[in-house]
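Asker: Supplied in C-alpha cells, the structure appears directly below.
Just so it is clear, none of the values below were taken in a lab; they were calculated from the coordinates. Quick caveat, the model's predicted, so the values are computed rather than measured. Counting neighbours? That spans all protein chains shown, and the Cβs are built from the backbone with ideal geometry, glycine included.
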Amino acid sequence: MQRPIVAGVDGTADSLIAAGWAAAEARRHGAPLVLLHGHVPQGRGSHPLLAGRTEHERRAAGQLLDDALAWVRDHYDDIEVSAELAVRPEADFLVERGADARMLVVGSRRPGPMTGFFLGSVGLRVLSRAACPVVMIRGGAAGRHRGSGEVVAGVPREEEADAVLDFAFRAAAARGVPLRAARAWHLPTLLVNDPDLVRRSQESGGPEEAQRLALADQLVPWRRRHPQVAVVEHVEAGPTAEMLVALAASAQLLVVGRRAAPRSRYVGHVAHATLHFADVPIALVPRSSVPPAADE
C-alpha cells in the first residue's frame, strides 16, 4: 500500500503553494495526497455565546480545507487526494500523521532577504519531531524551481547518511534529473575526529582527494540501486551550510539531514542555516530514520 504525502494547509497563500508542490510530488511518485488542517477553537467554554463562536470556527476551518481540496482537484485531477480535519494543534496532528507518511510538506514565508526564512512555531515543531522527511516550501520558491535543475544532497560522513541518500536518489529518479552529492570538509575537524581519514589523505595525495574517495565509496550501493540517476560528486573545503546554500541557487530541491531530537526544536546548525537562507524547497530528513521499504 502506498504511503501518502501529507501537506498541511492553514488558509494562507504559502500553504496553498505547499499543497501544489505536494500534489506535483504525489503525481511523480504515484502516491496519494492528504491535505491536513488542525485547529484549536478559541471560543471553548460553557456559555452559549462561546459555543456559537466555536461552531463558527469549526465551519470556517472546514471551509478552509474544502477550498484547498477543490483547488488541488482543479489543478491536479489525475491524483488521489483527500482531506482530514482535527480539533487539535496542527503541529501535533502533522507529526502524528507523519508516522506513516512518505513525507510531510509545509509552507512558510520569507519576510525579506535580510531576515531569512520565517518558520513559525508550527514549522519548527514539525521539523524537529516528525519521524519522516519534512519538505519546507518557502512562499514563491516552488514556482521558481520547477525547471530542470538538479537535486542537491548534503551527504554526512556518518552511517546516518543512508536516509538522506535514499530520499535524494528517489527524488532525482522521480524527476529525471541529476543528483549532486555534496560534502564540505575542514582540516582541523578531520585531524581531531577521523584519524583514519587523515591516514587515507596521506596515502591518496591530500585531504580533499581523500574526501572524494570516501564520498565515492559511500555512493557505490546507491548508484547500483538507482542506475538511471546521473550523479555528480561535489567536494570542497569550507563550511557545509555555505556550500549548500550556494549550490541550492541552481537546484530544484535541497536535501539535508537532521538529527532526531524529540524534546528539542533544534534541528542542527546546517539544517537551520539552509532553512533560513537557501531559496529553494528543502527536504529535512531525520538521519536516524530507517530507509523505507520498496513500496513504490
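Asker: If packing is taken as the average count of other Cβ atoms within 10 Å, what order do 92-102, 214-224 fall into, highest mean first?
Answerer: Values: 92-102: 19.0, 214-224: 14.7.
Listed from highest to lowest mean packing, they are 92-102, 214-224.
Asker: Right, another one. For residue 100 and residue 208, FRET efficiency with R0 = 45 Å and r from the beta-carbon atoms, rounded to 0.05? Walk me through the numbers on the way to the answer.
Answerer: Numbers: r = 42 Å, r/R0 = 0.93.
Given R0 = 45 Å and the Cβ-Cβ separation, E is 0.60.
Asker: What does the highest-first list of 163-170, 25-32 look like by mean Cβ count within 10 Å? Can you show the working numbers first?
Answerer: Details: 163-170: 24.8, 25-32: 18.6.
Highest to lowest by the protection proxy: 163-170, 25-32.
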